Each structure stands twice: as structure tokens, then as C-alpha cells.
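A.B. asks: Take a look at the following structure, please.
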Amino acid sequence: MKVLFIGGTGVISSGCADLAVQQGVDLYFLNRGKTTTRPVPSGVTVLTGDIRDFDSASSALAGHEFDVVVEWLAFSPEHIETDLKLFGGKVKQYIFISSASAYQTPPQKLPITEETPLENPYWDYSRQKAACEERLMRAYREDGFPVTIVRPSHTYDQTKVPMLGRYTALNRMMQGKLLVLHGDGSSLWTLTHHRDFAKGFNGLMGNEMAIGEAVHITSDEWLTWNQIYETMGQAAGVRPKIVHVPSRLIHAYDHEVGETLLGDKMNNMILDNSKLKRLVPGFEATIPFTEGAKEIVAWYAADPARQVVEDSWNSMFDQLIHKMQLITPIE
């Protein structure tokens with residue numbers, strides 16, 4: 001297969017790219033060539049262009065035809081319109097990366113399936129993804145545009161600390177400082193390693209049964225947020241000191257951060273992967289978070305330049321902890 005990734009060096013796409021190269025896919029990236037965190041795998045051809053500029057993208061793509069195009073970077077219907085102009089009638093399969101956060105929030109029924117309504121009143125990002133899906137499915141119904149929609153949930157690699165505050169939180173943990181955790185930490189969450197995600201995703205590329213379908217890809221390991229923080233602590237060799245803070249209080253201090261909680265992380269996220277396993281027989285997520293947490297801690301420990309502590313996070317944490325101490329003294 002000749003495959004184009006629009007993007008290609010992100011958390012999720014990098015895992016899929018590595019596996020695709022191993023599988024012998026003729027892989028191309030279309031991007032601006034500015035990302036340095038994750039290097040382009042050997043064997044990938046980079047086309048330099050800006051997908052947000054139609055003329056730039058069209059020029060970069062001139063002379064190429066692809067079996068599969070994967071759109072990792074579209075976040076609004078306007079972005080989709082550009083892709084329809086670029087690839088309409090020119091590709092056998094177009095895969096749009098949506099988000100499981102677009103599902104009904106909070107969900108009325110668990111587990112979540114692909115039939116769960118797309119309805120998130122709390123997070124504009126999720127509503128925009130749902131609008132992209134709607135436009136693409138209309139193009140599929142009316143024009144035969146060969147779309148497959150993929151909805152990742154919380155997918156991570158070694159660079160992504162899955163705690164509020166990212167590395168700043170890990171740094172506080174290792175220093176024995178108090179950490180902020182939304183809610184009471186009991187809601188169930190699903191973390192998926194990007195190498196596991198890639199096994200499911202790459203099985204959808206070139207899969208005719210996936211055309212016109214939406215499918216999510218996640219691990220089957222469900223953890224509470226308390227367990228996630230405790231697992232990070234075990235990987236770092238410390239015991240986390242957690243202060244539970246209501247999600248709405250965090251939202252009051254930082255609207256943008258709060259949206260990711262109210263619109264996603266404060267709710268139970270249990271997803272049924274039956275559809276994916278029908279489309280990609282043999283798919284299984286095999287990397288538990290105990291292993292992923294060790295990879296994260298080791299990656300940051302390997303290079304001091306990665307250990308960036310953000311004052312804004314520390315300031316917010318200290319304010320929230322002080323607020324909670326006024327309500328209930330913390331020992």
C-alpha cells in the first residue's frame with residue numbers, strides 16, 4: 001500500500017508509522033517538517049507542505065496517488081472541506097482521526113459502543129470532531145467518499161504523563177509534594193499505549209470492510225484515576241500524596257483545563273472493542289499501564305532537558321490545595 005499520513009510525528013501517529021514501516025507500507029508524511037520530538041522513521045518519504053494552505057498542500061502532493069490517506073490534524077469542518085477538495089475521487093480510503101470524547105457525556109449507558117450518540121455539551125474540541133464526522137459521513141452517503149472514522153480515547157507514549165500538570169505533576173510527586181487529582185479519583189479510565197493502538201489502526205488501513213464505518217480503538221484495561229496516580233508513583237519509586245479536588249472547582253480556576261475534565265476525564269470511560277476485533281481479527285492490547293508508566297519515568301530521567309517544570313501548573317496546584325485545606329485540613 002501507498003499511504004499518506006497528514007502529520008505523522010504525533011503521539012498516536014508515530015506508533016502507527018513505526019509499525020507501518022515494519023509491515024512494508026510505502027509511507028509518506030505531509031507536514032511542515034518542524035517537529036523534532038519524534039523523528040521520522042527511516043523509510044518514510046516526507047512531503048513538505050502546509051495542510052492549512054490548499055495551494056501549499058496541493059503543490060506538495062502533485063504527482064502522487066495514494067491507496068490510503070490518514071488525516072491526523074483536522075479539528076474543524078473547514079479542515080475537512082480542504083481534504084474533500086484535495087482527495088475527492090483520488091483515494092481508495094480516507095481515515096479521519098476523531099475522538100472518543102465526542103461520545104455522549106456523561107454516557108447514559110456503559111460500555112460505550114460506536115452506536116453511543118455523539119453529544120458532548122462541555123468541550124468544544126469534541127463537538128468540532130463530531131461535526132467533522134457528520135460532514136464526512138454526508139460525503140460518503142452522497143458522493144461515495146471512502147471514509148473510515150477512528151475514535152481514539154486516551155492514547156499515550158513515553159513522552160506523555162497522564163496526570164493533571166504533565167511532567168510538573170511527576171516532578172512534584174518525586175519531591176514528595178501534594179498532587180491535585182480531579183474528583184475522588186474513583187472514576188474508571190482507559191489508557192492505551194500507542195504501540196497497542198497501532199496494531200488495531202494499521203489493520204484498518206486498506207480494509208474494505210471499514211469503509212463507511214466508525215470504530216474506536218482502546219485497551220481493555222480499566223483503571224481508576226487513583227490507580228493511575230499510584231502506578232505512576234510505583235514507577236517513580238515514591239508514594240503519591242494526593243489531594244482530591246472537585247472537577248468544577250478546577251474548572252473555575254482554569255476554564256480550558258476544566259473543559260477536559262467536565263467533557264472527558266471526570267466520567268467513566270469504558271469502551272467495548274468488539275467492533276474493532278471483528279474488523280481486525282486477533283487485535284489485542286498487550287501493554288499494561290504498569291509497563292507504560294515505567295517507560296514514561298525512564299524517558300524523562302534519561303535527559304534533564306525534558307524535565308520542564310511549568311510555574312503556571314505549580315501555581316494553580318498550590319492555590320487549589322490551599323482552597324481544599326480551608327475546607328478540610330490536609331495532613
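The values are calculated or read from the model by the stated rules, or taken from the named source; none is laboratory data. Fair warning: this is a prediction, and the values are worked out from it, not measured in the lab. When we count neighbours, we look across all protein chains shown, and the Cβ atoms used for this are built from the backbone with ideal geometry, even at glycine.
A.B. asks: For LYS92, which of the numbered conditions (1) among the basic types (Lys, Arg); (2) under 25 Å from GLN22 (Cβ atoms); (3) under 24 Å from the mean Cα position of the chain (by Cα) fails to hold?
C.D. replies: (3)
A.B. asks: Additional query: Inspect all residues belonging to the stretch 34-52 and state whether any of them is within 19 Å of ILE217 (Cβ to Cβ) and either touching a Cys at 6+ places or on another chain (Cβ under 7 Å) or surrounded by 19 or more Cβ atoms within 10 Å (Cβ to Cβ) (or both).
C.D. replies: Within the stretch 34-52 (the criterion being within 19 Å of ILE217 (Cβ to Cβ) and either touching a Cys at 6+ places or on another chain (Cβ under 7 Å) or surrounded by 19 or more Cβ atoms within 10 Å (Cβ to Cβ) (or both)), the answer is no, since none of the residues qualifies.
A.B. asks: Given the conditions (1) in a helix (DSSP H, G or I); (2) more than 18 Å from the chain's Cα centre (by Cα); (3) more than 26 Å from LEU249 (Cβ to Cβ), which single one is not true for PHE145?
C.D. replies: The one condition PHE145 does not meet is (1).
A.B. asks: Just checking, does the stretch 164-180 include any residue being among the hydrophobic types (A, V, I, L, M, F, W, C) and within 19 Å of the chain's Cα centre (by Cα)?
C.D. replies: yes
A.B. asks: Anything in the stretch 159-171 that is polar (S, T, N, Q) and surrounded by fewer than 21 Cβ atoms within 10 Å (Cβ to Cβ)? List them, or say none.
C.D. replies: Within the stretch 159-171, THR159, ASN171 meet the criteria.
A.B. asks: If I filter the stretch 240-283 down to residues being free of Cβ contacts under 8 Å to residues at least 24 places away in the same chain and buried (at least 17 other Cβ atoms within 10 Å of the Cβ), which single residue comes out as nearest to the chain's Cα centre (by Cα)?
C.D. replies: GLY258
A.B. asks: Checking the conditions here, which among SER99, SER42, SER59 is over 21 Å from the mean Cα position of the chain (by Cα) and over 15 Å from ILE6 (Cα atoms)?
C.D. replies: Exactly one residue qualifies, and that residue is SER42.
A.B. asks: Tally time: how many residues in the stretch 174-183 are surrounded by 14 or more Cβ atoms within 10 Å (Cβ to Cβ) and either polar (S, T, N, Q) or out of contact with any helix residue (DSSP H, G or I) (no Cβ under 7 Å at 6 or more places or on another chain) (or both)?
C.D. replies: 1
A.B. asks: Quick one: which of GLY10, GLY24, GLY15 is exposed (fewer than 15 other Cβ atoms within 10 Å of the Cβ) and of a type in the set (Gly, Ala, Ser)?
C.D. replies: After ruling out the rest, the residue left standing is GLY24.
A.B. asks: Which of the residues belonging to the stretch 1-38 are touching a residue at least 12 places away in the same chain (Cβ under 8 Å) and over 23 Å from ARG151 (Cβ atoms)?
C.D. replies: Result: LYS2, VAL21, ASP26, TYR28, ARG32, GLY33, THR35, THR37.
A.B. asks: Follow-up question, since we're still on this one. Go through (1) of a type outside the set (S, T, N, Q); (2) in a loop (DSSP other than H, G, I, E, B); (3) closer than 21 Å to LYS177 by Cβ; (4) under 18 Å from the mean Cα position of the chain (by Cα) one by one and return the number of the condition VAL308 breaks.
C.D. replies: The number of the failed condition is (4).
A.B. asks: Scan the stretch 297-324 for residues that are touching a residue at least 60 places away in the same chain (Cβ under 8 Å), surrounded by fewer than 16 Cβ atoms within 10 Å (Cβ to Cβ) and over 23 Å from GLY237 (Cα atoms) and report the count.
C.D. replies: Final tally of qualifying residues: 2.
A.B. asks: When you scan the stretch 199-245, how many residues do you find that are in contact with a helix residue (DSSP H, G or I) (Cβ under 9 Å, 6 or more places away or on another chain), more than 21 Å from GLU284 (Cα to Cα) and not β-branched (Val, Ile, Thr)?
C.D. replies: So the answer is 14.
A.B. asks: Scan the stretch 138-158 for residues that are surrounded by fewer than 19 Cβ atoms within 10 Å (Cβ to Cβ) and among the basic types (Lys, Arg) and report the count.
C.D. replies: Summing the residues that are surrounded by fewer than 19 Cβ atoms within 10 Å (Cβ to Cβ) and among the basic types (Lys, Arg) in the stretch 138-158 gives 2.
A.B. asks: Kindly evaluate THR116 against the criterion of being polar (S, T, N, Q), over 30 Å from HIS64 (Cα atoms) and without any contact (Cβ under 8 Å) to a residue 40 or more places away in the chain.
C.D. replies: Yes.
Residue by residue, here is whether (1) surrounded by 18 or more Cβ atoms within 10 Å (Cβ to Cβ); (2) at pLDDT below 95; (3) part of a helix (DSSP H, G or I) holds:
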residue: LYS199; (1), (2), (3): yes, no, yes
residue: MET205; (1), (2), (3): yes, no, no
residue: ILE228; (1), (2), (3): yes, no, yes
residue: VAL238; (1), (2), (3): no, no, no
residue: ALA285; (1), (2), (3): yes, no, no
